[in-house]
Amino acid sequence: MTCDEVDGRRDDYADGSLSEGEFQEVELHLSTCAACREQERRLRLILAEARALPRELSPSRDLWAGVAQRIEAGRRGRATWWLGLAAAAVLVGAVSVSLLRRSDPVPVSVSAPGPVTVPVSRVSLPREGTTLGAAEQEYERAANELLAALQDRRQSLSPQTLANVESNLAVIDQALTEVRAALGRDPGNKDLTRMLVSAHRKKVDTLRRVVRLSTSL
Amino acid sequence: MIETQIAGIGLEGGLIQALSDADRRIAEGRLVRQAQSGDLFAFEQLYRENHRKVFALCMRLSSDAALAEELTQDVFVRAWQKLGSFRGESAFSSWLYPLTVNVALSERRSRRRRTSRFFATDDLTAFDRPPETRAPGPEAGFDLEKALASLPPGARAVFVLHDVEGYKHEEIAGLLDMAVGTSKAQLHRARKLLREALES
């Protein structure tokens, strides 16, 4: 077998799809041809690297909002009877909070999320114009309601799942504690206020999803 | 420190990943059925579980991060539209990834038409590059992702599907609407170019 003939069979050889006879012929050639052995070594290295490439990559931004918007737009474009259902299914409500003034109490602007079609969504969140203190109370009340709902559904989740959820919640609670302490040292700091509200949102969002997930099991 | 902690939380990876295997299968099946009945929240969970893999595939097929993000969104919008055809006989991901390939390569085909750059899949000489454009660098510093990005689109697609994603030539031929022999020829071309790129 010549080098060209080996080159023509290199892929099948590497993929293990050669007949036994051809396989032996390629093996024989490789045992005597350093150049073909080098090409074979490079191919093996490339294939090993290809298999080792990460199967997941993260986009630079959250793409879901765009997906949801397009789906909703498609729903709105359908028959009239479908419109009501589409409107009720706007699930990508986001609570955006911004600090308005450096005064005490600190007012925050909160836009409430759209309704969610599961019982846990009945948990309400702070309304626009709520002060930071009042907003914190609202988030804590919402989180407590969701925690109670989760408690009722604990048996539907595996211990591993519960452990992961509790671990995440502990991290959020630790973040809340640290941000509150930092705000105590620097009251009215806009960045800290945003971080505090963001942590509250993550906690409520996490709980909401977990409770929702538990109802699907 | 605090920011890092907060950023590290979240649901980008999806909650199903936190479940045991048995719980995961049950949860995915229920989420699919809920999504099929119009529950967008359930569909979001499926998105959270799968979007990173979809993005990775789009990224490798397009070699363009911004385009890959658009394609990822296109894939999930298309998946929502076609969700009724998923019968749950396989994992949701097994249904989603061929759809991803179709969306990504349809975009490539339409873009190719727009730019009037046509590469006949049987004419592999069109993919030849002059030696000076080959990826340089010592073997130790070989970056397969960068080398992949430098491949001609058709050869890259076949290499990604066969050697990264594990598709068979017969499956690739169906996905890319080409003959099995063409798929094998494209793979041979891709591997040859990568071996050359590996050469210092």
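Bear in mind these aren't lab numbers, they're just calculated from the coordinates by the rules spelled out. Worth saying up front: this structure is predicted, and the values here are computed from it rather than measured. FYI the Cβ positions are ideal-geometry reconstructions off the backbone, even for glycines, and counts take in every protein chain you see.
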Handout entry: Exposure proxy order (Cβ contacts within 10 Å, fewest to most) of A:CYS3, A:CYS36, B:CYS58
Key = A:CYS3, A:CYS36, B:CYS58
Completion exercise
Given backbone amide H placed at 1.01 Å from N, residues whose amide H is under 5 Å from that of A:THR131, ignoring those fewer than 5 places away on the same chain, are A:VAL108
Exercise for the section: Tabulate in residue order the Karplus-calculated ³J(HN,Hα) for segment B:84-91, using 6.51 cos²θ - 1.76 cosθ + 1.60 with θ = phi - 60°, rounded to whole Hz; enter x for Gly and Pro. Expected result: x, 7, 7, 9, x, 7, 9, 5
Handout entry: Neighbour-count ranking [beta-carbon atoms within 10 angstrom, fewest first] of B:TRP80, B:TRP95
Key = B:TRP95, B:TRP80
Exercise for the section: Rank-order A:145-154, A:170-179 by packing density, defined as the average count of other C-beta atoms within 10 Å over each peptide's residues, highest first. Expected result: A:170-179, A:145-154
Problem - Using θ = phi - 60° and Karplus 6.51 cos²θ - 1.76 cosθ + 1.60, couplings along segment A:59-69 (whole Hz; Gly, Pro as x) - result: x, 6, 8, 6, 8, 5, 4, x, 5, 4, 4
Practice task
Under 1.5 on a/c is rounded, so check that first for segment A:172-216, then, if it is not, pick prolate when a/b is larger than b/c and oblate when it is not; a ≥ b ≥ c are the square roots of the alpha carbon gyration tensor eigenvalues.
Solution key: prolate
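How do B:HIS162, B:HIS188 line up, fewest other C-beta atoms within 10 Å first?
Fewest-to-most Cβ neighbours within 10 Å comes out as B:HIS188, B:HIS162.
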Handout entry: Long pairs among B:LYS168/B:LYS192; B:LYS53/B:LYS184; B:LYS53/B:LYS82, criterion Cα-Cα beyond 29 Å
Key = none
